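First comes the structure, then the notes that go with it.
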Amino acid sequence: MRNKIVAGNWKMNTTYDEGENLIKGIIEKKSTVKSDVTLIVAPPFTHLCCFAEPLQKAGVGISAQNCANHEKGAYTGEISAAMLASIDVQYCIIGHSERREYYGETNDILLEKVKLALKYNLTPIFCIGEKLSEREAGKQFEVVKTQLQTVVSQLSAVDFAKIIIAYEPVWAIGTGKTATSAQAQEVHAYIRTVLKETFGAAADNTSILYGGSCNPATAPELFSQPDIDGGLIGGASLKADDFIAVASAF
Ligand code: PGA
């Protein structure tokens, strides 16, 4: 049985007060979401310490959006996995396409981050997905396979069992162009096949989330697909009503 998960990636949005209002709204409305759906929010670093306790009391998971690829030391401006764990953060988004694109994060760097997150008991939400030019060239399968093999396939079976995958076609992120449920299901099924090559039947237990303009209108059909186990939600996670509506699509 796979966990159903809906995670909100706030990106670089919300001042502290705005964020506080947003989690209040999510906590208030959470009772309308089915109890077998795990809700996670990923606010900016500055909010994590104060949000950890209220979210955990309400049964909502808390995630960072990134962590350093070094354990500690002279890396000005960076936040380590150990620091996040020390304030009770439970999850960490790693390899978001914006990090890959704007901050030069390569698969090698991302493997270091995933390993450090796991070392400090953070659950990685590892993001993969092809760019528009890659999809137009029919290379989406090749791209996600490389992203998986250079990072996820390098993990031990024990570590693999802990990770969450998010398939986020870059052309669908923040563009309003959601992948069709058939397009998403096709890649999700392929991801599971690739994971099975290394980890066998354990891949049947891996939650694979879809991300990219997922909203209350598109979530029901996406989440009804056999290999789509939830969503990583950007824009629609910034309004409590929309985020809860997405999570209620299950
Ligand atoms: P979006 O972002 O829902 O705004 O497209 C998704 C993401 O980047 O995680």
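Quick notes
- Test result for Asn9, in contact (Cβ under 8 Å) with a residue 60 or more places away in the chain and over 22 Å from Gly235 (Cα atoms): no
- Just one of the listed residues (Lys162, Lys177) is within 11 Å of the ligand (Cβ to nearest atom), of a type in the set (Lys, Arg), under 23 Å from Arg100 (Cα atoms) and not in a helix (DSSP H, G or I), and it is Lys177.
- Of everything in the stretch 183-207 that is open to solvent by 40 Å² or more (accessible area, probe 1.4 Å) and over 17 Å from Lys139 (Cα atoms), the residue that is farthest from the ligand (Cβ to nearest atom) is Ala201.
- Screening the candidates Val170, Val246 for the property of being within 16 Å of the ligand (Cβ to nearest atom) and open to solvent by 40 Å² or more (accessible area, probe 1.4 Å) yields one hit, Val170.
- Taken over the stretch 208-243, the criterion of being more than 15 Å from the ligand (Cβ to nearest atom) and open to solvent by less than 50 Å² (accessible area, probe 1.4 Å) is satisfied by Gln225, Asp227, Asp229, Ala240.
- Taken as a whole, the structure leaves Ala52 outside the set of residues that are without any contact (Cβ under 8 Å) to a residue 12 or more places away in the chain and of a type in the set (A, V, I, L, M, F, W, C).
- Ala52 open to solvent by less than 60 Å² (accessible area, probe 1.4 Å), over 26 Å from Ser213 (Cα atoms) and within 18 Å of the chain's Cα centre (by Cα): yes
- Members of the stretch 120-136 found to be over 14 Å from Gly211 (Cβ atoms) and within 14 Å of the ligand (Cβ to nearest atom), listed by number: Lys131, Leu132
This table checks each residue for (1) touching a residue at least 40 places away in the same chain (Cβ under 8 Å); (2) open to solvent by less than 50 Å² (accessible area, probe 1.4 Å); (3) in contact with a Ser or Thr (Cβ under 8 Å, 6 or more places away or on another chain); (4) among the aliphatic types (A, V, I, L, M).
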| site | (1), (2), (3), (4) |
| --- | --- |
| Ile27 | no, no, no, yes |
| Pro43 | no, yes, yes, no |
| Val60 | no, yes, no, yes |
| Ala64 | yes, yes, no, yes |
| His70 | yes, no, yes, no |
| Ala82 | no, yes, no, yes |
| Ala85 | no, yes, no, yes |
| Tyr91 | yes, yes, yes, no |
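- Count of residues meeting criterion [touching a Ser or Thr at 6+ places or on another chain (Cβ under 8 Å) and either at pLDDT below 95 or open to solvent by 80 Å² or more (accessible area, probe 1.4 Å) (or both)] in the stretch 29-41: 2
- Considering the stretch 93-114, the residues that are without any contact (Cβ under 8 Å) to a residue 40 or more places away in the chain and away from the ligand (no atom under 16 Å from the Cβ) include one that is least open to solvent (accessible area, probe 1.4 Å), namely Gly104.
- Only a single criterion out of (1) open to solvent by less than 50 Å² (accessible area, probe 1.4 Å); (2) within 16 Å of the ligand (Cβ to nearest atom) is not satisfied by Ala117, namely (2).
- Among residues of the stretch 136-164 being acidic (Asp, Glu) and loosely packed, with under 15 Cβ neighbours inside 10 Å, the one that is modelled with the highest pLDDT is Glu142.
- Total residues in the stretch 208-247 satisfying the condition of being of a type in the set (Asp, Glu) and outside any loop (DSSP other than H, G, I, E, B): the figure is 3.
- Scan of the stretch 6-49 for residues that are aromatic (Phe, Trp, Tyr) and within 15 Å of the ligand (Cβ to nearest atom), ordered by number: Trp10
The values are calculated or read from the model by the stated rules, or taken from the named source; none is laboratory data. Please read all numbers here as calculations on a predicted model, not as lab measurements. Note: ideal-geometry Cβ built from the backbone for every residue, glycine included; neighbour counts use all protein chains shown. Accessible surface is based on the protein model in full, side chains and every heavy atom, while ligands, DNA and RNA are left aside. Shrake-Rupley method; radii C 1.70, N 1.55, O 1.52, S 1.80 Å.
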